[in-house]
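Novice: Take a look at this one; I'll ask things after.
The values are calculated or read from the model by the stated rules, or taken from the named source; none is laboratory data. Computed from a prediction, not measured in an experiment: that's the story for all the values here. In this analysis, Cβ positions are derived from the backbone assuming ideal geometry, glycine residues included, and neighbour counts consider all displayed protein chains. Calculation scope for accessible area: heavy atoms of the full protein, side chains included, ligands and nucleic acids excluded. Shrake-Rupley method; radii C 1.70, N 1.55, O 1.52, S 1.80 Å.
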Amino acid sequence: MSEPAAGADFAAPAESAAIRVLEAPENAEAERQEILRGLSARPKRLPCRLFYDERGSRLFERICDLPEYYPTRTEHGLLAERAGEIAALANAGHLVELGSGSATKTRLLVDAFRRLGPPLAYTAIDVSESSLHIAAAALLARYPALDVHGVAATYETGLDALATRATPDERRLVLFLGSTIGNLDPAETSAFLGRVRASLAPGDGFLVGTDLEKDPAVIEAAYNDAQGVTAAFNLNILRHVNRRFRADFALDAFAHVAFYRRELRQIEMHLESQAAQRVTLAALGLEIELAAGERIETEISRKFDLDRFGAELARHGFEVARQWTDAKRWFGLTLARAI
Ligand code: TRP
């Protein structure tokens with residue numbers, strides 16, 4: 001995310017979509033507090049949203065293409081196979097995508113919905129404004145008639161901003177792909193599902209991609225790639241924090257660590273301090289100390305069981321319309337309906 005003036009509307013380049021940057025001043029203060037709290041806690045942590053500055057978003061696109069990183073490819077294959085079925089079941093006129101990134105997989109759904117006929121609107125919500133511009137331009141190049149909007153905001157702020165509908169009877173389908181839901185812990189997941197449900201009307205759809213439990217060796221390889229792109233991505237969070245909060249993290253004094261915790265069914269990403277060191281975050285008036293070997297948690301990625309996930313959706317006011325998985329049962333798609 002770049003640093004727009006509070007509440008500023010970004011002037012989109014010609015022929016691009018309407019991209020709104022929503023960064024309420026309260027959010028900026030909440031973010032400062034979140035980082036102060038996270039870096040003062042034990043273990044220390046940083047919010048994974050901070051991965052996605054412009055460089056981080058680009059590195060993430062490279063992760064998606066890595067031979068070890070099976071989720072993107074597997075989900076893409078599933079969508080290619082099932083998009084027609086999903087479109088028919090969801091029967092929506094407005095696709096709202098959370099954490100859209102490059103929106104490459106989205107095209108499969110846009111194609112399928114357009115084949116059904118009625119006009120389609122697409123709104124992307126992503127913290128990375130640069131990703132929104134790239135994704136919107138790519139979609140418009142392909143579908144000049146598509147009504148494309150982008151909202152640069154957190155999911156919470158973005159969903160709240162979409163609460164009032166231009167056409168009240170239009171059915172929505174919220175897309176949450178890439179197993180991004182796995183980056184939320186159980187409490188955050190519950191709050192998030194409640195929030196999504198509150199933004200929907202009965203009959204609206206919710207399509208969620210979930211990475212499934214499997215051999216931990218396969219999962220660990222996906223987050224420890226041989227080329228070191230994931231390590232660069234993880235370390236980039238420090239570069240972003242240095243810029244945003246005038247901090248002096250030395251990137252070469254940290255190492256990327258990722259390991260699967262079976263009991264929690266999650267892979268965790270950490271940055272491990274390679275020596276005892278002191279770091280100053282001038283804009284936060286914060287100075288922290290790290291012991292040699294101390295870790296900063298940057299991300300969890302939970303792995304799912306489709307039945308349990310369906311039950312969780314049911315606890316939040318959804319019914320499962322259908323679930324799909326690939327032949328290896330590595331990745332799942334769940335289409336739910338708000339009830
Ligand atoms: N949603 C992705 C996932 O959980 C995010 C991700 C992929 C990621 N690779 C990463 C996050 C490496 C941090 C580090 O798979």
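Novice: Find out how many positive minus negative residues lie around LYS44, taking Lys and Arg as positive, Asp and Glu as negative, among other residues whose Cβ is under 14 Å from that of LYS44. Intermediate values should be presented prior to the final figure.
Specialist: On the way: positive: ARG37, ARG42, ARG45, ARG278, ARG295; negative: GLU34, GLU268, GLU272, GLU287, GLU289, GLU294, GLU297, GLU299.
Residues near LYS44 contribute -3 overall.
Novice: Okay, moving on. Please count, across the chain, the pairs of lysine residues with Cα atoms under 22 Å apart that sit 8 or more places apart or on different chains. Could you put the intermediate results ahead of the total?
Specialist: On the way: LYS105/LYS303; LYS105/LYS328; LYS214/LYS303; LYS214/LYS328; LYS303/LYS328.
Counting lysine pairs in the chain gives 5.
Novice: Rounded, prolate or oblate: which fits the range 133-215 when a ≥ b ≥ c are the square roots of the eigenvalues of the alpha-carbon gyration tensor, with rounded for a/c under 1.5 and prolate only if a/b beats b/c? Walk me through the numbers on the way to the answer.
Specialist: Details: a/c = 1.88, a/b = 1.28, b/c = 1.47.
Cα axes put the range 133-215 in the oblate bin.
Novice: Let me ask another. In debye, nearest 20, what is the charge dipole magnitude of the chain about its Cα centre with +1 on Lys and Arg Cβ and -1 on Asp and Glu Cβ, if you could check? Walk me through the intermediate numbers first.
Specialist: Details: 40 positive and 48 negative charges, 94 e Å.
Dipole of the chain, to the nearest 20 debye: 460 debye.
Novice: For the range 61-104, what is Rg from Cα atoms divided by 2.2 N^0.38 Å, rounded to two decimals? Show your work: numbers first, answer last.
Specialist: Working: Rg = 12.5 Å, N = 44, 2.2 N^0.38 = 9.3 Å.
Cα-based Rg divided by the globular estimate yields 1.35.
Novice: Provide the gained length on full extension for the span ASP307 to ARG37, in nm with one decimal, where the gain is 0.36 nm per separating residue minus the Cα-Cα distance.
Specialist: So the extension gain works out to 93.7 nm.
Novice: Any idea of the accessible area per residue across the chain, 1.4 Å probe, to the nearest Å²? Let's see the in-between values first.
Specialist: Details: 14670 Å² over 339 residues.
Solvent-accessible surface per residue comes out at 43 Å².
Novice: A further question follows. How much length, in nm to one decimal, is gained on full extension between PHE259 and ALA30, taken as 0.36 nm per residue of separation minus their Cα-Cα distance?
Specialist: Working: separation 229, 0.36 × 229 = 82.44 nm, distance 2.99 nm.
Net length gain for the segment: 79.5 nm.
Novice: With +1 assigned to the C-beta of every Lys and Arg and -1 to the C-beta of every Asp and Glu, and no other charges, what is the dipole magnitude of the range 153-267 about the Cα centre in debye, to the nearest 20?
Specialist: Details: 13 positive and 15 negative charges, 55 e Å.
Using only the charged Cβ atoms, the result is roughly 260 debye.
Novice: How far is it, in nm, from the label point at ASN91 to the one at ARG142 when both lie 7 Å from their Cα along the line to the Cβ?
Specialist: If labels sit at ASN91 and ARG142, their model points lie 2.6 nm apart.
Novice: Find which of ILE125, THR106, ALA153 sits farthest along the positive direction of the dipole of the range 99-167, computed with +1 on the beta-carbon of Lys and Arg, -1 on that of Asp and Glu, about the Cα centre.
Specialist: THR106
Novice: Counting Lys and Arg as +1 and Asp and Glu as -1, each charge on the Cβ, what is the dipole of the range 116-211 about the Cα centre in debye, to the nearest 20? Kindly include the intermediate steps, with their values, before the conclusion.
Specialist: Numbers: 6 positive and 11 negative charges, 54 e Å.
Its charge dipole is roughly 260 debye.
Novice: A further question follows. When the distances between all Cα atoms of the range 38-158 are binned every 5 Å from zero, what whole-number percent does each bin get?
Specialist: Going out from 0 Å in 5 Å bins, the range 38-158 shows 2, 10, 18, 19, 20, 15, 8, 3, 2, 1, 0 percent.
Novice: Still on this structure, please answer the following. Using per-residue counts of other Cβ atoms within 10 Å, averaged over each peptide, order 191-197, 126-132 from highest down. Numbers along the way, then the final one.
Specialist: On the way: 191-197: 17.6, 126-132: 24.6.
Top of the packing list down: 126-132, 191-197.
Novice: Rounded to whole Å and ordered largest first, report the semi-axes of the equivalent ellipsoid of the chain derived from its Cα gyration tensor (root of 5λ).
Specialist: Details: eigenvalues 211, 114, 67 Å².
Working through the eigenvalues yields semi-axes of 32, 24, 18 Å.
Novice: How much length would be gained if the chain were fully extended between THR280 and ASP160, taking 0.36 nm per residue of separation minus their Cα-Cα distance, in nm to one decimal?
Specialist: 39.7 nm
Novice: Starting from a Cα-only point model with no solvent, please compute log10 I(q)/I(0) by Debye for the range 227-336 at q = 0.10, 0.24 1/Å.
Specialist: -0.47, -1.29
Novice: Using a probe of 1.4 angstrom, how much of the accessible area of the range 225-333 is carbon and sulfur, in percent?
Specialist: Numbers: 2290 of 4970 Å².
Of all accessible area on the range 225-333, carbon and sulfur atoms account for 46 percent.
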